[in-house]
Amino acid sequence: MKPSPFNYYCPASVDEAVQLLSDLEDAKILAGGQSLIPLMNFRLAAPEHLIDISGLAELSEIKVDPDEVEIGASVTHSQVLQSEQIGSELPLLWEAEKLVAHEVIRNRGTLCGSLAHADPAGEMTAVLSVLRGKVQTASVSGGRTIQAMDLFEGPLQSSLRDDELIVSATFPTLGPNAVSSFREVARRHGDYAVAGAVSVVEYDDNSLVCSAQAAFLSVGPVPTLISLDDLLVGHRIEDVGYTEIYNFLSSQLDPHGDLQTSADYRRHLAAEMGWASLEACT
Amino acid sequence: MNAEESYEIRLKVNGRTQHVTAPARRLLSDALRGELGLTGTHVGCEHGVCGCCTVLVDGAPVRSCLTFAVAVQDKDIRTVEGLAAGDGELHPVQEAFKECHGLQCGFCTPGFLMTACALIEQNNDPTEQEITEAIAGNLCRCTGYQNIRAAVRRAAEITRSDKR
Ligand SMILES: Cc1cc2nc3c(=O)[nH]c(=O)nc-3n(C[C@H](O)[C@H](O)[C@H](O)COP(=O)(O)OP(=O)(O)OC[C@H]3O[C@@H](n4cnc5c(N)ncnc54)[C@H](O)[C@@H]3O)c2cc1C
Ligand code: FES
Ligand code: FES
């Protein structure tokens with residue numbers, strides 16, 4: 001099918017973009033279009049106005065500091081994967097980006113667009129959640145910072161106001177004693193995950209766990225963050241072992257069934273992926 | 001909404017700049033096929049999954065069904081029609097797909113050719129893994145992927161020997 005009619009705007013600055021967002025009734029931001037255009041082609045979305053931010057130079061920056069990585073709203077998934085600095089300072093982001101669709105989609109789709117789209121099956125939503133990252137926004141009434149845990153409200157529903165756009169996303173890097181890992185199962189490589197988990201584990205000087213967090217994708221309306229601190233702090237992951245961790249995760253997860261798979265099987269897969277990602281952090 | 005607004009869209013396709021008058025909602029795939037008559041770019045699913053609409057924008061493969069024509073003005077667009085030389089000499093990827101039986105019905109082929117072309121222009125000695133990864137986003141319903149992989153491998157080989 002084809003999209004329904006809309007007016008197209010190509011603002012020259014973020015100021016101009018937020019002014020348009022505030023002035024126009026039923027306007028949406030167009031970034032890479034890799035989620036929005038399929039929805040429009042199926043007429044599941046039919047905005048009256050599209051404001052294209054993909055060419056805005058002020059949103060194209062990648063800033064890599066020792067403590068955090070900040071990614072502008074027009075940076076594509078492919079550009080994240082081309083940044084050697086991100087690869088060395090926050091390899092988790094590379095690991096996760098390689099699981100986002102295929103290269104051809106990543107060439108246009110943006111990281112911030114993934115977050116604004118708030119798809120609980122999106123790898124970036126899970127990474128932002130487990131790292132406790134945040135996004136910076138802009139609007140005519142000023143910008144704000146939204147923490148990951150406040151950004152995702154439901155499937156394809158973020159807490160962004162209609163007149164607000166994401167300017168950048170910030171991911172804290174990991175300390176020297178932290179390890180991370182991403183595991184997922186998809187029907188075919190590049191498809192949205194049936195279930196997946198991303199874990200971050202921190203160790204003390206005796207190589208015992210001092211913090212363990214896992215975020216799960218495709219198991220609920222928003223990315224699901226589970227703390228394993230009670231189970232793992234002061235221990236080694238391998239000593240606590242598969243059975244206890246698997247059972248704990250299964251008891252915490254409450255996924256839905258759909259055409260792809262039943263709720264029970266998805267819970268099993270998610271708990272397996274949780275275990276696999278934690279085991280990879282040892 | 002009132003009468004739909006038309007946009008004057010400049011498209012630089014296969015090195016030639018052309019003007020198209022179309023509404024903002026015109027997908028690049030439809031502008032190429034409908035307005036410019038370049039029907040080599042195929043349209044299957046229109047949601048980014050099958051890959052047969054893949055074209056190059058500034059050298060990178062993208063889905064033309066998930067791109068608005070109005071949003072890629074002045075970018076360098078390459079389609080399957082731009083692969084062969086002016087005298088009809090086939091591009092190495094076309095030569096290789098022919099040689100290795102990399103197509104049957106040909107519906108998916110333009111997308112595979114453009115994807116393979118981008119891969120080989122970046123890296124004329126790809127590993128098996130890189131070949132598989134590059135074409136993983138394209139679906140073929142009849143040839144099967146072994147011959148297609150062999151064709152991409154062969155295209156790289158032809159490109160390397162052309163360089164020598
Ligand atoms: C075949 C296929 C497979 C895919 N597989 C995966 C996958 O496995 N994992 C995955 O995570 N994603 C997948 N995607 C989606 C892809 O990652 C998208 O690139 C991404 O979800 C959206 O980024 P975008 O820049 O294309 O956003 P757009 O499509 O342009 O926008 C998406 C939504 O976000 C809003 N938006 C975008 N940018 C901003 C901003 N800066 N501020 C405010 N609102 C904004 C838009 O208004 C729109 O509502 C897939 C897509 C396709 C077509
Ligand atoms: S028609 Fe564009 S990917 Fe299928
Ligand atoms: S050759 Fe027929 S679909 Fe690929």
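The values are calculated or read from the model by the stated rules, or taken from the named source; none is laboratory data. The structure displayed is predicted, hence computed values, not measured ones. Please note: Cβ atoms are built from the backbone with ideal geometry, for glycine as well, and neighbour counts cover all protein chains shown. Just the protein is used for accessible areas: all its heavy atoms, side chains included, with ligands, DNA and RNA removed. Shrake-Rupley method; radii C 1.70, N 1.55, O 1.52, S 1.80 Å.
Kindly establish whether B:Cys108 is touching a residue at least 60 places away in the same chain (Cβ under 8 Å) and assigned by TED's automatic domain parsing to the domain that holds B:Thr159.
Working: touching a residue at least 60 places away in the same chain (Cβ under 8 Å): yes; assigned by TED's automatic domain parsing to the domain that holds B:Thr159: yes.
Answer is yes for this residue.
Of everything in the stretch B:119-139 that's away from every other protein chain (no Cβ under 13 Å) and surrounded by 15 or more Cβ atoms within 10 Å (Cβ to Cβ), which residue is farthest from ligand 1 (Cβ to nearest atom)?
Ranking the qualifying residues of the stretch B:119-139, first place goes to B:Asn124.
Conditions (1) in contact with a Cys (Cβ under 8 Å, 6 or more places away or on another chain); (2) within 14 Å of another protein chain (Cβ to nearest Cβ); (3) open to solvent by less than 60 Å² (accessible area, probe 1.4 Å); (4) touching a residue at least 60 places away in the same chain (Cβ under 8 Å), marked per residue:
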| position | (1), (2), (3), (4) |
| --- | --- |
| A:Gly190 | no, yes, yes, yes |
| A:Val200 | yes, no, yes, yes |
| A:Tyr203 | yes, no, yes, no |
| A:Asn206 | no, no, no, no |
| A:Val209 | no, no, yes, no |
| A:Ala215 | no, no, yes, yes |
| A:Val219 | no, no, yes, yes |
| A:Asp239 | no, no, no, no |
| A:Tyr242 | no, no, no, no |
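Which residues, counting only those in the stretch B:72-116, are in contact with a strand residue (DSSP E or B) (Cβ under 7 Å, 6 or more places away or on another chain), on the phi < 0 side of the Ramachandran plot and not β-branched (Val, Ile, Thr)? Write out each step before concluding.
The initial filter retains those residues of the stretch B:72-116 that are in contact with a strand residue (DSSP E or B) (Cβ under 7 Å, 6 or more places away or on another chain), namely B:72-79, B:111, B:114-115.
Filter once more, so that each one left must be on the phi < 0 side of the Ramachandran plot: B:72-73, B:75-79, B:111, B:114-115.
Passing the criteria: B:Gln73, B:Lys75, B:Asp76, B:Arg78, B:Gly111, B:Met114.
Given the criteria away from ligand 2 (no atom under 11 Å from the Cβ), basic (Lys, Arg) and either more than 9 Å from every other protein chain (Cβ to nearest Cβ) or without any contact (Cβ under 8 Å) to a residue 60 or more places away in the chain (or both), does B:Arg63 qualify?
no
Just for strands (runs of 3 or more DSSP E) wholly inside the stretch A:1-90: which have at least 2 residues that are crowded, with 18+ Cβ neighbours inside 10 Å and touching a Pro at 6+ places or on another chain (Cβ under 6 Å)?
It comes to none.
Could you tell me how many of the residues in the stretch B:138-152 are under 12 Å from B:Ala116 (Cβ atoms) and either away from ligand 2 (no atom under 16 Å from the Cβ) or in a helix (DSSP H, G or I) (or both)?
Step one: of the stretch B:138-152, the residues under 12 Å from B:Ala116 (Cβ atoms) are B:138, B:148-152.
If we keep only those that are either away from ligand 2 (no atom under 16 Å from the Cβ) or in a helix (DSSP H, G or I) (or both) too, we end up with B:148-152.
Here the count works out to 5.
Does B:Phe112 fit the bill of being among the hydrophobic types (A, V, I, L, M, F, W, C), touching a Gly at 6+ places or on another chain (Cβ under 8 Å), surrounded by fewer than 20 Cβ atoms within 10 Å (Cβ to Cβ) and within 20 Å of B:Leu32 (Cβ to Cβ)? So that I can check it myself, show each step before the final result.
Details: among the hydrophobic types (A, V, I, L, M, F, W, C): yes; touching a Gly at 6+ places or on another chain (Cβ under 8 Å): yes; surrounded by fewer than 20 Cβ atoms within 10 Å (Cβ to Cβ): no; within 20 Å of B:Leu32 (Cβ to Cβ): yes.
So B:Phe112 fails the test.
Given B:Val70, B:Val43, which one is out of contact with any Ser or Thr (no Cβ under 9 Å at 6 or more places or on another chain), modelled with pLDDT of 95 or more and within 16 Å of ligand 1 (Cβ to nearest atom)? Before you say what the answer is, go through the steps one by one.
On the way: B:Val43 fails: out of contact with any Ser or Thr (no Cβ under 9 Å at 6 or more places or on another chain).
Going through B:Val70, B:Val43 in turn, the sole match is B:Val70.
Does B:Glu5 satisfy the criteria of being outside any helix (DSSP H, G or I), surrounded by fewer than 20 Cβ atoms within 10 Å (Cβ to Cβ) and touching a Phe, Trp or Tyr at 6+ places or on another chain (Cβ under 9 Å)? Before you say what the answer is, go through the steps one by one.
On the way: outside any helix (DSSP H, G or I): yes; surrounded by fewer than 20 Cβ atoms within 10 Å (Cβ to Cβ): yes; touching a Phe, Trp or Tyr at 6+ places or on another chain (Cβ under 9 Å): yes.
Considered against the rule, which asks whether it is outside any helix (DSSP H, G or I), surrounded by fewer than 20 Cβ atoms within 10 Å (Cβ to Cβ) and touching a Phe, Trp or Tyr at 6+ places or on another chain (Cβ under 9 Å), B:Glu5 comes out as yes.
State yes or no: is B:Val43 in contact (Cβ under 8 Å) with a residue 40 or more places away in the chain and either within 16 Å of ligand 3 (Cβ to nearest atom) or within 12 Å of the chain's Cα centre (by Cα) (or both)?
Details: in contact (Cβ under 8 Å) with a residue 40 or more places away in the chain: no; either within 16 Å of ligand 3 (Cβ to nearest atom) or within 12 Å of the chain's Cα centre (by Cα) (or both): yes.
Against the criterion (in contact (Cβ under 8 Å) with a residue 40 or more places away in the chain and either within 16 Å of ligand 3 (Cβ to nearest atom) or within 12 Å of the chain's Cα centre (by Cα) (or both)), B:Val43 does not qualify.
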